[in-house]
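Quick notes on the structure that follows.
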Amino acid sequence: MEKDIETILWTEEAITQRLTQLASQITADFKSTPSSPILLGVATGAFIFLADLVRNINLPVSIDFIRASSYGSSTLSNGAPTFALDLKLDIQGKHVIVVEDIVDTGNTLYCLIAHLKSKGASSVSVCTLLDKPSRRKVKFELVGNGKYYCGFECPDYFVVGYGLDFAERYRNLPFIGVLKPEIYK
Ligand code: 5GP
Ligand code: MG
Ligand code: MG
């Protein structure tokens, strides 16, 4: 797997350090809300980030997953994500923190936030490990007093590792790196 990586952008240590800061911020921001937040991981990409993040949040959080698919095995978004797996928890009147691996065009979050709003969430925040602002096509708005937490700004490369895949591979790399272009060409 490592041989297919051109450059490492964030090591395991760098990710852990940043994630600890995000978790402390979330703990501070939600410690006095009447109901503790629901962390909603966007499957599959967010599974490792969510697992590491929640173990650093010092609040009695609930956890759920939703599945959004827009990529298939290509590196280009088709722009219309579908939600294949819906929430298990009732989010009516609850604070939801969507946990994402990466925000790219913004399509997925735009649709997901509308979905969570229609289910009556009292606030929707977003905690994403990576954000590629240079690729944004759709502007999404948070709900209620929702906050935006972001680990790192990502340059416009296709990255893999720490949950992020190419054609369902590389998710188990402990770091985040740029895939050699010859792999997906
Ligand atoms: P958006 O809907 O914002 O365009 O795309 C969000 C989703 O696209 C992410 O959750 C992720 O699954 C996928 N994605 C966007 N950029 C990358 C990337 O550089 N690497 C990988 N592996 N997935 C990406
Ligand atoms: Mg994702
Ligand atoms: Mg993917």
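Estimated from helices alone, the mean residue ellipticity of the chain at 222 nm is -7000 deg cm²/dmol (sum of -39500 (n - 2.57) over DSSP H runs with n ≥ 4, per residue). In this structure, the pairs whose alpha-carbon distance is over 24 Å, taken from K132/K180; K88/K132; K139/K180; K31/K117; K88/K117, are K88/K132; K139/K180.
Over all Cα atoms in the chain, the spread is summed up by Rg and Dmax: 15.9, 51 Å.
If you take the beta carbon distance between L85 and E13 as r and set R0 to 41 Å, what does 1/(1 + (r/R0)^6) give as a FRET efficiency, to the nearest 0.05? With a Förster radius of 41 Å, E is 0.80. Near the amide H of A46, within less than 5 Å, lie the amide hydrogens of D101, all on another chain or at least 5 residues away, with H placed in the peptide plane. Less than 5 angstrom separates the built amide H of I97 from those of I38, L39, L40, S125, all sequence-distant by 5 or more or on a different chain. The portion of the accessible surface of the chain made up by carbon and sulfur, rounded to a whole percent, is 51 (1.4 Å probe; DNA, RNA and ligands excluded). Taking all protein chains into account, the per residue accessible area for the chain stands at 49 Å² (1.4 Å probe). What is the distance in Å between the Cα centroid of region 137-185 and that of region 16-59? Between the Cα centre of region 137-185 and that of region 16-59, the gap is 18 Å. Rounded, prolate or oblate: pick one for region 136-185, where a ≥ b ≥ c are the square roots of the eigenvalues of its C-alpha gyration tensor, a/c under 1.5 means rounded, and failing that, prolate if a/b is larger than b/c, else oblate. Verdict is prolate for region 136-185.
The values are calculated or read from the model by the stated rules, or taken from the named source; none is laboratory data. For clarity, every value in this text was computed on a predicted model and none was experimentally measured. Heads up, the Cβs are rebuilt from the backbone with ideal geometry, glycines too, and the neighbour counts pull from every protein chain shown. These area figures cover heavy atoms from the full protein model, side chains too; ligands, DNA and RNA do not enter into them. Shrake-Rupley method; radii C 1.70, N 1.55, O 1.52, S 1.80 Å.
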